[in-house]
2 protein chains.
Amino acid sequence: MRPFNLEYKSLREILLNHELASLGDSYVNFLYSLAMSKRRGQPVGIKVSSRILAEALKRAGLRTLLPRRTDRHTQADAVEALVVYAWVEDVVNIQEGVSLLMDYEDAVEAFSTLLSTIARKMKLRGRTSVT
Amino acid sequence: MRPFNLEYKSLREILLNHELASLGDSYVNFLYSLAMSKRRGQPVGIKVSSRILAEALKRAGLRTLLPRRTDRHTQADAVEALVVYAWVEDVVNIQEGVSLLMDYEDAVEAFSTLLSTIARKMKLRGRTSVT
């Protein structure tokens with residue numbers, strides 16, 4: 001589903017989009033809560049911290065796309081923007097996202113794997129230049 | 001997608017499930033943010049207040065299923081539990097939810113319509129007794 005038109009020329013542009021980050025905030029929490037619910041076999045709600053998301057961005061090698069002085073909160077926003085972008089553009093749907101995230105005990109590892117997967121799939125599609 | 005097994009005998013039981021409410025919190029915000037994003041034509045993130053959800057529960061005629069002294073926060077939890085239950089059980093999927101919510105300017109009206117739709121569809125399926 002595309003609730004709005006997205007036109008981005010680069011991954012960097014997506015990462016720095018505040019509106020997408022704003023929408024992505026609830027999506028990231030929902031997706032991770034679903035993954036942990038599936039892992040535990042019962043519903044649970046989790047708020048993913050900025051620290052975890054910022055660390056995952058770094059580990060996925062995407063931190064370098066942001067300006068050097070970007071603070072942790074903005075780094076986390078970048079993750080939220082990219083993850084929801086991937087859902088809107090059907091790069092990684094909810095089921096795939098949950099499957100991926102639930103495989104990891106460690107949340108940073110879970111999100112860095114998700115981010116790497118999204119970046120790789122976007123590159124394969126050639127929709128955006130991954131720079 | 002069913003991330004866990006749900007076995008509920010009644011609508012009341014769903015409304016009072018804290019774990020479902022915990023998962024539903026991010027889902028409700030995500031769904032409403034999507035609906036408003038679609039309405040405005042650009043991504044936006046919205047946190048739906050307890051006041052709005054509690055009022056919608058009352059307007060949908062479901063408030064009476066909860067104990068009389070239930071506070072507003074618990075009433076909002078009940079909405080979050082039911083809305084995410086409906087998604088997990090594929091009573092109302094994301095697309096349908098967004099279509100429904102985006103039709104209303106007023107958030108209370110939007111959610112009371114969503115709740116009524118969920119209750120009606122569950123009754124039609126006969127999966128749970130609506131009492």
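A few remarks follow.
- Computed in the context of the full set of protein chains, the accessible area of chain A at 1.4 Å probe radius has 44% of its extent on carbon or sulfur.
- Other-chain or far-sequence residues with amide H under 5 Å of B:SER10's (modelled H): none
- Within region A:33-81, trypsin sites (Lys or Arg not before Pro) in DSSP loop having at most 15 other beta-carbon neighbours inside 10 Å: A:LYS47, A:ARG68, A:ARG69
- Cβ-defined net charge surrounding B:GLY24, 10 Å radius [Lys, Arg +1; Asp, Glu -1]: -4
- Helix content alone sets the calculated 222 nm mean residue ellipticity of the protein assembly as shown: runs of n ≥ 4 DSSP H residues at -39500 (n - 2.57) each, divided across all residues, give -20500 deg cm²/dmol.
- The residues of region A:1-17 listed by number as losing at least 40 Å² of accessible area in the complex, against the isolated chain and with a 1.4 Å probe, are A:MET1, A:PRO3, A:PHE4.
- Each Lys and Arg adds +1 at its Cβ and each Asp and Glu adds -1 at its Cβ; summed about the Cα centre, the protein assembly as shown shows a dipole of about 20 debye.
- Cut-off of 10 Å, at most 14 other beta carbons, DSSP loop: longest stretch of chain A lacking such GluC sites (Glu not before Pro): A:8-104
- A 1.4 Å probe run over chain A, with the rest of the protein chains in place, finds 46 Å² accessible per residue.
- Between A:VAL88, A:VAL28, A:VAL108, the GNM of chain A built on Cα springs shorter than 10 angstrom shows A:VAL88 fluctuating the most.
- Buried solvent-accessible surface, both chains (B, A), 1.4 Å probe, Å² to nearest 100: 2200
The values are calculated or read from the model by the stated rules, or taken from the named source; none is laboratory data. Only a predicted model underlies this, so the values are computations on that prediction, with no experimental measurement involved. A quick note on method: Cβ atoms are made from the backbone with ideal geometry, for glycine too, and the neighbour counts reach across all protein chains shown. Surface accessibility is based on the protein's heavy atoms, side chains included, excluding ligands, DNA and RNA. Shrake-Rupley method; radii C 1.70, N 1.55, O 1.52, S 1.80 Å.
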